[in-house]
1. Relative contact order for the stretch 18-132 using alpha-carbon pairs under 8 Å, separation at least 6, rounded to a whole percent?
2. In what sequence do 36, 119 fall when counting other Cβ within 10 Å, fewest first?
3. Roughly speaking, what % of Cα-Cα pairs in the stretch 92-132 are separated by over 15 Å, rounded to a whole number?
4. Using a Förster distance of 22 angstrom, determine the FRET efficiency expected from the C-beta separation of residue 45 and residue 20, and round it to 0.05.
5. For labels at residue 10 and residue 116 in the simple 7 Å Cα→Cβ model, what's the distance in nm?
6. Give the calculated FRET efficiency between residue 59 and residue 96 to the nearest 0.05, with a Förster radius of 25 Å applied to their Cβ-Cβ distance.
7. Using the beta-carbon distance between residue 130 and residue 105 and R0 = 35 Å, what value does 1/(1 + (r/R0)^6) give for FRET efficiency, to the nearest 0.05?
8. Rank by packing, highest mean first: peptides 98-104, 58-64, 37-43, with packing defined as the count of other Cβ atoms within 10 Å averaged across residues.
């Protein structure tokens, strides 16, 4: 397997931000459309300052941006960093698919060997039974 260069600092920040389940839930919510901090707090048993800390991590990673709409500061999902993370992950898809193909071939070989072994044992039992 060819060694690849390490992930960029941006990717490190993206994956670190997405490592937290609360932040992933926020990203999932923002995938449905923009929302204010107050709206994002609703489904969680957290304070607004706690959610704001999570939002700052997501914002530093470039995953969200905050706008201004009169008194409201809506948060919105930024697609580009997720696309970059997906692109990085896709590089390894071939590796995993090759591993699964090898595993499938091994399992098929083991199943075929098991069928052959059972067939030989069945024939031996029949042969021994007919002698009696």
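Only the coordinates and a few stated rules stand behind these numbers; no lab work does. Just so you know, these numbers come straight off a predicted model, no measurement behind them. Methodologically, a virtual Cβ is constructed for each residue, glycine included, from the backbone with ideal geometry; neighbour enumeration extends over all protein chains shown.
1. Relative contact order for the stretch 18-132 comes out at 20 percent.
2. Arranged by neighbour count, lowest to highest, 36, 119 become 119, 36.
3. Distances greater than 15 Å cover 60 percent of the Cα pairs.
4. The calculated FRET efficiency here is 0.90.
5. With each label placed 7 Å out from Cα toward Cβ, I get 5.4 nm.
6. Rounded to the nearest 0.05, the efficiency is 0.20.
7. Efficiency, rounded to the nearest 0.05: 0.40.
8. So the peptides 98-104, 58-64, 37-43, ranked by packing, come out 58-64, 37-43, 98-104.
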